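The values are calculated or read from the model by the stated rules, or taken from the named source; none is laboratory data. All figures in this text were calculated on a predicted structure; none of them were measured in a lab. Here the Cβ is made from the backbone with ideal geometry for all residues, glycine too, and neighbour counts use every protein chain on show. To get the accessible areas, we keep the full protein, side chains included, count just its heavy atoms, and leave off ligands, DNA and RNA. Shrake-Rupley method; radii C 1.70, N 1.55, O 1.52, S 1.80 Å.
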Amino acid sequence: MSETKNTTKPNNKQKASSGPLGFLSSLCYIWWLEMKSTIKDEGVLIFFLLVPLAYPLLYSWIYNNEVVREVPVAIVDLSHSASSREFIQDFDASPDVRAAYYCNNLQEAEALVGKQVVHGILYFPSDFDLTLHRGEKAHVGVYCDMSLMLTYKAIYQTALAVSMEMGTDMKKEQSMSFTERDEEVSTEPMVVDAEPIFNTTGGYGNAILPGVLILILQQTLLLGIGLSAGTARENNRFQDLVPIGKHYNGIMKIVLGKSSCYFMIYCVMAAYVTMAVPHFFNFTMLARPADLFWLLLPYLLAVIFFGMTISCLVRYRENVMLLVVFTSIPFLFLTGASWPQSSIPGSWQGVSWLIPSTFGVRGYLRIASMGATIDDVLPEVRALWIQATVYFVTTCFVYRFQIINARKHAISHYQMIQDRIKTAREKKPTGK
């Protein structure tokens, strides 16, 4: 009877360890190890904490000035006429530009541009007034410094607006109208009143930066997961992603334990990036917290499982830089935030459906900038849940393959040790 009791006790312990309590214990152990390695690894800590905290602030601060004002421009007036002076006066009256220097020729103006004293040149040829009053097409040269997009936009759009206004006045003078209403109809048959609805400031920050913030979450998360995988391989004797241990004997334990660590960290980071940063820099923010939660929940899960899937390609820590960093700009274009979605070729749109940031950026822009509700972005939310499910399955397959490889390497290493022991025993001389 005593022997029977002794044999049943280990079986009961084994059943308890393999039951729900043992599963939860192993999951928490893997979560704790992943959290500890994240805190101890400086590279992972930088990408998980420092970059999401600091990089959105730096990027938003650079583009905090939605539009530039009083951009200095050099004037080259070879016409010296009333028409050119009127053009220059209207041009200088704009809040965006300033006629800072008057030059005798283009060479002097180009020297000023080279010294970064001015950011553009307004050039009037000698026949400007004569051509204008003949009813022919008069030309005004606008040369812009393309090193900064905002200054180029201010100079070019101001010159275009002044030229259109002068053209309208010339049409009124040459028309045979009898009343002011006739002149308005002949020069402007359709009145267009442009009123920005969503991007009220008309600046770069409100248009692009909300999408960039969502992309930062994805890229930093992928970099952190990739660095963690590279560290795990480098610390493993056989360069395996999964170590051999009693807690690493199940796919679900490993996947859920690691992903829960990443998810907990990025719940805080996502709330900070999507709600605090736009508030700091006065970006258009019309989203409700509940709508953001239901969008970011599948987005973070999709990015985490996507990162864990591609982490199998990371053999060394440096490899993740080559895999992730250079994709930031292409991923941003594929979202349709900086390039019209209708202009993206069909093949590239198919590629964009594989990337979580595509639907995450589109959904966040509609919720935050356009005031959409979660019901309005259901297609994006469904797509993110599909991605999360598919990448969860691929992650399970990847880690199953890694577990099999780790066991093969452990068995082969154990067999090699046994062979060495056997060989050593055979070579050992037997005593008389």
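Out of all the residues in segment 114-173, which are of a type in the set (Gly, Ala, Ser) and touching a helix residue (DSSP H, G or I) at 6+ places or on another chain (Cβ under 9 Å)?
To start, the set of residues in segment 114-173 that are of a type in the set (Gly, Ala, Ser) comprises 114, 120, 126, 135, 138, 141, 147, 154, 159, 161, 163, 167.
Within segment 114-173, Gly120, Gly135, Ala138, Gly141, Ala159, Ala161, Ser163, Gly167 meet the criteria.
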Every residue from segment 362-386 that is open to solvent by 80 Å² or more (accessible area, probe 1.4 Å), part of a helix (DSSP H, G or I) and in contact (Cβ under 8 Å) with a residue 24 or more places away in the chain | Trp385
Within segment 119-172, of all residues that are aromatic (Phe, Trp, Tyr) and open to solvent by 90 Å² or more (accessible area, probe 1.4 Å), the one farthest from Gln107 (Cα to Cα) is Tyr156
Of all residues in segment 97-110 being under 38 Å from the mean Cα position of the chain (by Cα) and open to solvent by 40 Å² or more (accessible area, probe 1.4 Å), the one that is farthest from Glu165 (Cα to Cα) = Glu110
If the Cβ limit is 9 Å and pairs must be 6+ apart or interchain, which residue in segment 130-142 that is over 18 Å from Val162 (Cα atoms) pairs with which residue that is open to solvent by less than 60 Å² (accessible area, probe 1.4 Å) and at pLDDT 80 or above?
-> Leu130/Ser79; Leu130/Ser81; Leu130/Ala138
Which residues, counting only those in segment 346-356, are open to solvent by 70 Å² or more (accessible area, probe 1.4 Å) and outside any helix (DSSP H, G or I)?
-> Trp353, Leu354
Scan segment 81-96 for residues that are surrounded by fewer than 16 Cβ atoms within 10 Å (Cβ to Cβ), assigned to a helix (DSSP H, G or I) and without any contact (Cβ under 8 Å) to a residue 40 or more places away in the chain and jot them down.
-> Arg85, Gln89, Ala93
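Would you confirm whether or not segment 305-319 contains a residue that is modelled with pLDDT of 90 or more, among the β-branched types (Val, Ile, Thr) and part of a loop (DSSP other than H, G, I, E, B)? Spell out the reasoning first.
As a first pass, look at segment 305-319 and keep what is modelled with pLDDT of 90 or more: 305-309.
In the following step, the residues that additionally are among the β-branched types (Val, Ile, Thr) were identified as 309.
If we keep only those that are part of a loop (DSSP other than H, G, I, E, B) too, we end up with none.
Taking every residue of segment 305-319 in turn, none turns out to be modelled with pLDDT of 90 or more, among the β-branched types (Val, Ile, Thr) and part of a loop (DSSP other than H, G, I, E, B).
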